[in-house]
Each structure stands twice: as structure tokens, then as C-alpha cells.
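What follows is a set of notes on a single structure, which appears directly below.
The values are calculated or read from the model by the stated rules, or taken from the named source; none is laboratory data. None of these values were measured; they are calculated from a predicted model. Note that we place each Cβ from the backbone using ideal geometry, even for glycine, and neighbour counts take in every protein chain shown. Ligands, DNA and RNA are stripped out before the accessible areas are found, and what is left, the full protein with its side chains, is counted by its heavy atoms. Shrake-Rupley method; radii C 1.70, N 1.55, O 1.52, S 1.80 Å.
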Amino acid sequence: MIKINGEQREGFEGMTVGEMLAELGYKTAYIAIEMNGEILKRENYPSTELRDGDWLEVVNFVGGG
């Protein structure tokens, strides 16, 4: 099981971060991800595999003025 924004989620183990983001409907141009306490570089989303016990914080950027 992995934790995404404080919520325990099943079914994402073995997926890449990029696959998980697509499954959840995130647009990668507008987010930042902290994975297990470290900022994950956007270019690593497609190659970083999720494992049991991982935790992620997904932050959406919001424009405004």
C-alpha cells in the first residue's frame, strides 16, 4: 500500500509515478511531487516505480493574480 497526500491507496504498487499520475488525472506540467521526503524530478516520473510503503505528497500549482 502507498500513501498519497495522507491517504492510504491500494493498487499502485508496481506502477511508475507517471502511470499513477495519469490514472489519477493529474497534469504533470502543474504539479510537484515529494516522494519519501525528497522532491522527485519531473523527468524521473516515467521511470520511478512505486513500492509498498512509499508515500507521496502531490502539490498542484494554482495560478492567479
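In table form, for the structure just shown:
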{"quantity": "Where the chain is the region considered: accessible area per residue in Å², 1.4 Å probe", "calculated": "67"}
{"quantity": "The chain pair-distance distribution - Cα-Cα, 10 Å bins, rounded %", "calculated": "22, 60, 15, 3, 0"}
{"quantity": "Estimated dipole of the chain in Debye, rounded to 20 [Cβ of Lys and Arg +1, of Asp and Glu -1, Cα centre]", "calculated": "260"}
{"quantity": "Computed lengthening from residue 49 to residue 7, 0.36 nm per intervening residue step minus Cα-Cα distance", "calculated": "13.3 nm"}
{"quantity": "Inter-site label distance for residue 57 and residue 22 at 7 Å from Cα along Cβ, in nm", "calculated": "2.8"}
